[in-house]
Amino acid sequence: MPVTGTRVAAQQPSSEEVFSDPVTPVLGNPNGEVTIVEFFDYQCPFCKSTYPDLKRFVSDDGNLRLVMRDWPIFGEASRFAAERVLALDPQAYGRAHEALMGTEGQLTENDVIEVLEDTSVKGLAPAHSPEAVADTLSRNDRMAKAFGLAGTPSFAIGSKIYGGVLDRNGLAQAVLEARGKRT
C-alpha cells in the first residue's frame, strides 16, 4: 500500500492488514466503499473529544467503514482497556468502546473494570483469545511505527496517513480524495 508519510517502505503493512483485522470489528457500514482507520488510545483526550464527531460523520455519510485501531501509548491502563475491549464479541465491543470513549480524564485499571461492568459486559465469555488480542495490538504498534505516527489520534484513509485531529472538513476532504474526487 503506497502511503504518504511512510518512513520505511520495507516495514510497510499491506492494505489488507491496515484496513481489516480479524479481532477488531468494523463500525459504521461494514460494506462501505471507503475505510477510515483511526489509531487511538482510550486515554487520549483528543481521541475522546473528537470521537462523537467522527461517529456522526461516518453515520451521516452511510457508506464508510470505521476501524478503530487500539494503540495504547498512554500507559498500562490504556493497554488494559484495549485488551479487555478487543477480547469481546462485536456487539459487546461496540458498547464497551462507546463507554470508554465517553470517559473523562485519565483511567485506572479499576476505572476500566467499572466502566465495562456498567456496560453489561462483565461475565461475557471472551470472543478472542489473549494471544489474538496481543497479536492485534502488536500489529497496530508495528503499523503506527512504520507510518511514523507521533501520537493519537492518527488516521489511514485511502492511501494517505493523517497525523493528529481531523475535524469534519478534514475528514470530508480525506474521504473525497480516497474516493478519487477533488474539491
Requested in this report: Calculate the length of the line joining the C-alpha centroid of the range 62-83 to that of the range 98-144, in whole Å.
Outcome: 8 Å
Report task. Run the accessible area of the range 36-183 with a 1.4 Å probe and give the carbon-and-sulfur part as a rounded percent. Result -> 50 percent
Query raised in the report: Where does the chain land on the Kirkwood hydrodynamic radius, alpha-carbon pairs, in angstrom?
Result: 16.5 Å
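How many Å² of accessible area per residue for the chain, probe 1.4 Å?
Heavy-atom SASA per residue in the chain reads 48 Å².
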Query - Fraction of beta bridges assigned by DSSP in the chain that are antiparallel (%, nearest 5) - result: 60 percent
**Report entry** Inter-probe distance in nm under a simple model that places probes 7 Å from Cα toward Cβ, at ILE113 and ARG95
**Finding:** 2.0 nm
Query raised in the report: Taking the Cα-to-Cβ direction at ASN169 and at LEU124 and moving 7 Å from each Cα, how far apart do the two end points lie in nm?
Result: 3.9 nm
Query raised in the report: Top mean-square fluctuation among ASP111, ASP70, ASP141, Gaussian network model of the chain, C-alpha springs under 10 Å?
Result: ASP111
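Which residues make up the longest stretch of the chain clear of trypsin sites (Lys or Arg not before Pro) that lie in a DSSP loop with no more than 16 other Cβ atoms within 10 Å, not counting the sites? Don't skip to the end; give the middle numbers.
Numbers: sites that count: ARG7, LYS122, ARG179, LYS181, ARG182.
Counting only loop sites that pass the neighbour cut-off, the longest clear stretch is 8-121.
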**Report entry** Spin-label proximity, THR103 to the range 72-90 - amide N less than 19 Å from point 7 Å beyond Cα toward beta carbon
**Finding:** 72-89
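Are there GluC sites (Glu not before Pro) in the range 83-183 that DSSP marks as loop and that have at most 15 other Cβ atoms within 10 Å, and which are they?
Filter output for the range 83-183: GLU104.
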Query - Sites SER15 and ALA134 - FRET efficiency at Förster radius 25 Å, r taken between beta-carbons, to 0.05 - result: 0.60
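The values are calculated or read from the model by the stated rules, or taken from the named source; none is laboratory data. Here the structure is a predicted model, which means the values were calculated and not measured. In this analysis, Cβ positions are derived from the backbone assuming ideal geometry, glycine residues included, and neighbour counts consider all displayed protein chains. Heads up: the accessible areas ignore ligands, DNA and RNA and are worked out on the full protein's heavy atoms, side chains in. Shrake-Rupley method; radii C 1.70, N 1.55, O 1.52, S 1.80 Å.
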